[in-house]
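Comments concern the structure below.
The values are calculated or read from the model by the stated rules, or taken from the named source; none is laboratory data. What you are looking at is a predicted structure, and each value in this text was computed from that prediction instead of being measured. FYI the Cβ positions are ideal-geometry reconstructions off the backbone, even for glycines, and counts take in every protein chain you see. Keep in mind that these areas ignore ligands, DNA and RNA; they rest on the heavy atoms of the full protein, side chains included. Shrake-Rupley method; radii C 1.70, N 1.55, O 1.52, S 1.80 Å.
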Amino acid sequence: MVLESFSTIGMDPRRKLSFWNDRASESFSPLISEPDDIQLFNGSIVRGSIGEMSVAEVYSDAQIVRHSRSHVALTKNSMFFLHLQLEGQSVSRQDGRESLLRAGDFTLHDSTRRYEMVFTGANRMLVLGIPNSTLRRQIGCPECLAAIPMSGAGGASGLLSQVLRKYWAEYHQGLDEQTASRIAIAILDLIGAAYADLPQALADRSSLGTAHRIRIVNYIEARLNDPDLTPTRIADACKMTARYLHHLFSDQDETVARYILRRRLEAWAGGRAGGAQTGRPGTPGGVAE
């Protein structure tokens, strides 16, 4: 088991922020930190892995961390991050929800959508990075659970919190790969158990996808004559990534771009037929894939 460590202590303040953002982004997903005072700010990351998952302990002084729309576009791997507060407290926001975390509490963030974390003072957090496909084997609709606070005080969520903290302490002492793999399976099972009773975890993903597609189609239909209508613009307007937009249409008979082109041709054909009587011309437009 290999651990890597990074720290801003002793660095020139002029280099500190870029170094911190680079290390944090490569450890998790693209993001930007806005410290309260860059002159006094310090942060450190100790990171490793457990099976398919990444694990890291992050210390920082007061800061705001943002995973913005532009960062979402740069995200290469779809991940969920379980943020477990070890010391201090934080406020997490995603999808219009807000969770206050105190020591022992945790929440999930989805890297394919925007999120924000606010740290008002010195704090320490354990971050478990879980691939999308891995978490979906435990939870039916993990994207529905973003920024829901989970208490570390008791129940299955409390047990998960204790196990993760104990595991991280043992990690520093050294674990063989076989033992680490068994622990990874146990942790994933506990995550599934912790979220099992939440109604959001049981949401029907197909229904959620259908709702998103309806919203996209309505947006397209209202703007068929807009020459700048592209999948990227639609994704931005519907507050999702272009990748997720294309995924929603992956089980359909045509791509987003082909749907737009077909609807424009149909609208043009209808307008042309009407134009034969009214004298109104019409021309179809293309759309970038």
Problem - Angle between the chain longest axis and helix 256-278 axis [Cα atoms, degrees, rounded to 10] - result: 20
Problem - From phi via Karplus (6.51, -1.76, 1.60), per-residue ³J(HN,Hα) for the range 229-238 in Hz, x at Gly/Pro - result: 6, 10, x, 5, 5, 4, 4, 4, 5, 8
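Does the range 19-166 come out rounded, prolate or oblate, given a ≥ b ≥ c as the square roots of the eigenvalues of its C-alpha gyration tensor, rounded meaning a/c under 1.5 and, failing that, prolate meaning a/b above b/c? Kindly include the intermediate steps, with their values, before the conclusion.
Details: a/c = 1.44, a/b = 1.16, b/c = 1.25.
Since a/c stays below 1.5, the shape of the range 19-166 is classed as rounded.
Quick check of the Kirkwood formula: for the range 96-148, what is the inverse mean of 1/r over all pairs of different Cα atoms, in Å?
Averaging 1/r across every pair of different Cα atoms and inverting gives 12.6 Å.
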Problem - Neighbour net charge for Ser161 - beta-carbon separation under 12 angstrom, K R +1, D E -1 - result: +2
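Reported to two decimal places, what Rg/Rh ratio describes the chain when computed on Cα atoms with Rh from the Kirkwood expression? Write down the numbers at each step before the final one.
On the way: Rg = 23.0 Å, Rh = 21.2 Å.
Expressed as Rg/Rh, it is 1.08.
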Completion exercise
Cross-link reach from Lys76 to aspartates and glutamates, straight Cα distance under 18 Å and at least 8 residues apart if same chain, gives Asp22, Glu26, Glu52, Asp110, Glu143, Asp236
Fill in the blank from the handout: Note to self: C-alpha centroids of the range 21-58 and the range 97-144 sit apart, in Å, by 14
Problem - Probe 1.4 Å, protein heavy atoms only - accessible area per residue of the chain in square angstrom - result: 50
Fill in the blank from the handout: Quick note, the range 133-176: a/c under 1.5 would make it rounded; otherwise a/b > b/c is prolate and the rest oblate (a ≥ b ≥ c, C-alpha gyration tensor); here it is oblate
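Once the other residues with Cβ under 10 Å from the Cβ of Ala242 are scored (Lys, Arg +1; Asp, Glu -1), what is the net sum?
+1
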Fill in the blank from the handout: For the range 209-254, shape from the Cα gyration tensor axes a ≥ b ≥ c, cut at a/c of 1.5 then a/b versus b/c, turns out prolate
Fill in the blank from the handout: Among chymotrypsin sites (Phe, Trp or Tyr not before Pro) in the range 211-251, those in a DSSP loop whose Cβ has at most 13 other Cβ atoms within 10 Å are none
Practice task
Go through the chain and flag any cysteine with no other cysteine's C-beta closer than 4.7 Å, please.
Solution key: Cys238
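Return the carbon/sulfur percentage of the accessible area of the chain, one whole number, probe 1.4 Å, all protein chains in place. Could the numbers behind the result be given before it?
Values: 7550 of 14450 Å².
Of all accessible area on the chain, carbon and sulfur atoms account for 52 percent.
When Lys and Arg each count +1 and Asp and Glu each count -1, what net charge do the other residues less than 9 Å away from Glu57, Cβ to Cβ, add up to?
Working: positive: Arg47, Arg124; negative: none.
Taking every other residue near Glu57 into account, the sum is +2.
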Practice task
Rounded to the nearest 10 degrees, what's the angle between the helix 155-171 long axis and the longest principal axis of the chain, both from Cα atoms, 0 to 90?
Solution key: 60
Exercise for the section: Quickly estimate the mean residue ellipticity at 222 nm for the chain, helices only: each DSSP H run with n ≥ 4 gives -39500 (n - 2.57), and the total goes over all residues, rounded to 500. Expected result: -13000 deg cm²/dmol
